[in-house]
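The values are calculated or read from the model by the stated rules, or taken from the named source; none is laboratory data. Remember, it's a predicted structure, so these values are computed and weren't measured experimentally. For neighbour counting, all protein chains shown are included, and Cβ atoms are generated from backbone atoms with ideal geometry for every residue, glycine included. Ligands, DNA and RNA are excluded from the accessible area calculation, which covers all protein heavy atoms including side chains. Shrake-Rupley method; radii C 1.70, N 1.55, O 1.52, S 1.80 Å.
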Amino acid sequence: MIDVDRLRASLVEARERADGAARRSGRAPEDVEIVLAGKYVPADQAHALVAAGAPVIGENRLQDLEAKRAAVGDALVFDFIGHLQRRKVPAVLAATRLIHSVDSERLVETIAAHATGPTRVLIEVNISGEPTKHGILPGQIEAFVETVAKFPAIVLGGLMALPPADPDPEHSRPHFARLRSLRDGLAIRWSGRHDFRELSMGTSQDFTVAVEEGATFVRIGRSLIDRSQVS
């Protein structure tokens, strides 16, 4: 079970670490948002997330998102951070603030078909070219953005990536820096059509490095929940 006081303290600590990293990078703390990865929390403990003041919950699966919404209603704000199947797009659009994981033209087409107005999404980038991961390869980003231009309802708000797993957070830094460079170039070239403000990168083991390299969203979960458990 989650101890609410422990989770609240862990969130405060993570916020302080993110704030420090933001200042080291010359940015304001409010430029960085913590997204708590919801896959580590069962729906029957969703009330603990509300009580602890969890900011935004990032879900990988629609069924988990719907179960938590059923438990707490509108008391939590949700983003979708996992691989999204096209048949689940209508439900995800209705239940979330932002989709971080757009990775194909067919998915963009489906989102556009169900959008009720301008819909801002992030592109998932396979930053290291790992064959087991979803995402657009860095060398294909420009062509992908060109393709998205034919869907006027879609606004590209930035990029998301997950570097190769590594216990040393410094090994993630080059990947974060590369994602930032890609984003910066796209922001210039597509100014007026897409905003490309966001970088969703960094998880529990490397989020401070991600913030130093420009992250605007960090997705933290396991470390916070593990420290909040009671037997």
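Listed here are the residues, each with its yes/no results for (1) of a type in the set (S, T, N, Q); (2) in a helix (DSSP H, G or I); (3) touching a Cys at 6+ places or on another chain (Cβ under 8 Å); (4) on the phi > 0 side of the Ramachandran plot.
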site	(1), (2), (3), (4)
Asp44	no, yes, no, no
Ala48	no, yes, no, no
Gly73	no, yes, no, yes
Phe78	no, no, no, no
His83	no, no, no, no
Val92	no, yes, no, no
Val108	no, yes, no, no
Ile123	no, no, no, no
Glu130	no, no, no, no
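From Gly73, Gly20, grab the single residue that is open to solvent by less than 50 Å² (accessible area, probe 1.4 Å) and modelled with pLDDT under 95.
Gly73
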Tell me which residues, restricted to the range 205-231, are open to solvent by 10 Å² or more (accessible area, probe 1.4 Å), modelled with pLDDT under 95 and among the polar types (S, T, N, Q).
Gln205, Ser223, Gln229, Ser231
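Yes or no, residue by residue, for (1) more than 15 Å from Leu156 (Cα to Cα); (2) at pLDDT below 95; (3) aliphatic (A, V, I, L, M):
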{"site": "Ile57", "(1), (2), (3)": "yes, no, yes"}
{"site": "Asn60", "(1), (2), (3)": "yes, no, no"}
{"site": "Asp64", "(1), (2), (3)": "yes, no, no"}
{"site": "Arg69", "(1), (2), (3)": "yes, no, no"}
{"site": "Arg87", "(1), (2), (3)": "yes, no, no"}
{"site": "Ala91", "(1), (2), (3)": "yes, no, yes"}
{"site": "Arg97", "(1), (2), (3)": "no, no, no"}
{"site": "Ser104", "(1), (2), (3)": "no, no, no"}
{"site": "Val121", "(1), (2), (3)": "no, no, yes"}
Out of all the residues in the range 172-194, is one or more in a loop (DSSP other than H, G, I, E, B), closer than 19 Å to His100 by Cβ and either at pLDDT 95 or above or touching a Phe, Trp or Tyr at 6+ places or on another chain (Cβ under 9 Å) (or both)?
yes
The lone exception for Ala46 - which of (1) touching a residue at least 24 places away in the same chain (Cβ under 8 Å); (2) open to solvent by 40 Å² or more (accessible area, probe 1.4 Å); (3) over 21 Å from Leu122 (Cα atoms) it fails:
(2)
Cβ contacts < 8 Å: first residue acidic (Asp, Glu), restricted to the range 51-67; second residue in a strand (DSSP E or B) and surrounded by 17 or more Cβ atoms within 10 Å (Cβ to Cβ), any location; separation 6+ or different chain. Result?
Glu59/Phe78; Glu59/Asp79; Glu59/Phe80
